[in-house]
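Scroll down for the structure; my scribbles are underneath it.
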Amino acid sequence: MQQAPLVSTAPRVRRPRLGKPVRRFLQNRLAVIGAVLLLVFGLLALFAPWVSPYDPAQVFFTDLRSPPSAQHLFGTDELGRDILSRVLYGARVSLSAALVSVVGALVAGTVLGLMAGYLRGWVDEVIMRVVDAMLALPFLVLAIALAAMLGPSLQNTMIAIAIVTTPAFARITRGEVLAQREREYVQAAQALGASDPRLVFRHLLPNISGALIVQTSLAIAGAVLAESSLSFLGLGVQPPAPSWGSMLNAARGFLADAPWMSVFPGLAIFLTVLAFNLVGDGLREAIDPRSR
């Protein structure tokens with residue numbers, strides 16, 4: 001009698017196919033525009049030493065507060081420094097600070113959310129009460145308090161932004177884990193004796209990654225605003241290093257005489273934040289069409 005071939009009963013996790021989400025994202029014109037803007041800003045920031053016409057700290061004593069011209073496309077500031085060069089170098093500061101701080105918050109918040117959602121019990125209570133306490137405070141107020149306590153520097157600014165961004169990732173991760181752990185594939189994996197680390201990292205984490213990707217893009221927009229605000233208050237990167245926020249602070253006293261000093265760094269912040277929000281909305285609709 002011929003023996004029937006053995007069939008594996010291990011649960012199969014359905015991995016989301018990338019084709020349809022990518023296609024839906026590309027069909028969203030606003031999301032594509034945001035992605036193009038981000039690509040342009042990223043390339044300009046990356047190649048700022050080669051693209052910038054002047055050194056950001058170079059002073060032109062004969063061109064103090066000079067309006068936009070062929071020599072200085074964005075004009076000069078109160079010290080005669082080229083604003084275009086400072087905007088390009090400021091992009092490096094703002095984007096790098098936002099990316100580093102949000103990646104740190106993503107890692108910390110995901111770990112805390114996984115622990116709270118999977119272990120539950122007293123672990124969930126402790127983590128979520130701390131998260132609730134942090135979310136009860138305004139985002140920017142908490143960031144200012146932490147940055148002031150740590151001291152004015154770019155590194156401390158990134159730490160402060162990462163800390164205040166972590167609770168949002170923790171709450172989203174916990175909610176997704178609580179929803180996914182009741183699904184059949186998780187129960188099947190538990191019945192087959194899958195270890196807790198395998199269950200979390202092999203099964204749960206890939207299935208909640210979509211929500212984390214969307215939250216990351218939106219959090220970077222908030223981090224750009226937070227870094228600019230802290231630099232505006234003197235708590236971020238210190239002079240003479242250029243930053244969009246510090247450039248706006250320096251332009252406050254010249255709004256009537258030299259409006260270009262505030263227009264161009266303000267426009268850079270506006271376009272960057274708008275681009276990240278457009279990409280975030282596009283990713284949300286691409287990953288979950290029901291969110292439309």
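Summed over the stretch 105-157, the residues that are within 20 Å of Gly236 (Cβ to Cβ), of a type in the set (Gly, Ala, Ser) and buried (at least 19 other Cβ atoms within 10 Å of the Cβ) give a count of 3. When the stretch 267-292 is filtered for residues that are surrounded by fewer than 17 Cβ atoms within 10 Å (Cβ to Cβ), of a type outside the set (A, V, I, L, M, F, W, C) and in contact with a helix residue (DSSP H, G or I) (Cβ under 9 Å, 6 or more places away or on another chain), the ones remaining, listed by number, are Asp288, Pro289, Ser291, Arg292. Across the stretch 192-212, what is the total count of residues that are closer than 25 Å to Asn277 by Cβ and surrounded by 17 or more Cβ atoms within 10 Å (Cβ to Cβ)? So the count comes out to 4. Each residue in the stretch 219-235 was checked for being farther than 16 Å from Val141 by Cβ and over 11 Å from the mean Cα position of the chain (by Cα), and 2 pass.
Being in contact with a Leu (Cβ under 6 Å, 6 or more places away or on another chain) and of a type in the set (A, V, I, L, M, F, W, C) is true for just one of Val237, Val279. Which residue is that? Just a single option satisfies the conditions, and that option is Val237. Can you confirm whether Val93 is surrounded by 16 or more Cβ atoms within 10 Å (Cβ to Cβ), under 18 Å from Leu230 (Cα atoms) and among the β-branched types (Val, Ile, Thr)? In short, yes.
Do we have Phe169 as more than 18 Å from the chain's Cα centre (by Cα) and touching a residue at least 60 places away in the same chain (Cβ under 8 Å) here?
On the way: more than 18 Å from the chain's Cα centre (by Cα): no; touching a residue at least 60 places away in the same chain (Cβ under 8 Å): yes.
No: the conditions fail for Phe169.
Screening the stretch 83-153 for helices (runs of 4 or more DSSP H) wholly inside it with 1 or more residues that are touching a Gly at 6+ places or on another chain (Cβ under 8 Å) and of a type in the set (Lys, Arg) returns no ranges. Looking at the stretch 250-263, which of its residues are closer than 14 Å to Leu79 by Cβ and surrounded by fewer than 18 Cβ atoms within 10 Å (Cβ to Cβ)? Answer for the stretch 250-263, where residues must be closer than 14 Å to Leu79 by Cβ and surrounded by fewer than 18 Cβ atoms within 10 Å (Cβ to Cβ): Gly253, Phe254. Every condition in (1) modelled with pLDDT of 90 or more; (2) under 26 Å from the mean Cα position of the chain (by Cα) holds for Gly117 except the one numbered (1).
The values are calculated or read from the model by the stated rules, or taken from the named source; none is laboratory data. All values reported here derive from a predicted model rather than from experimental measurement. Every residue, glycine as well, gets a Cβ built from its backbone with ideal geometry; the counts of neighbours run over all protein chains shown.
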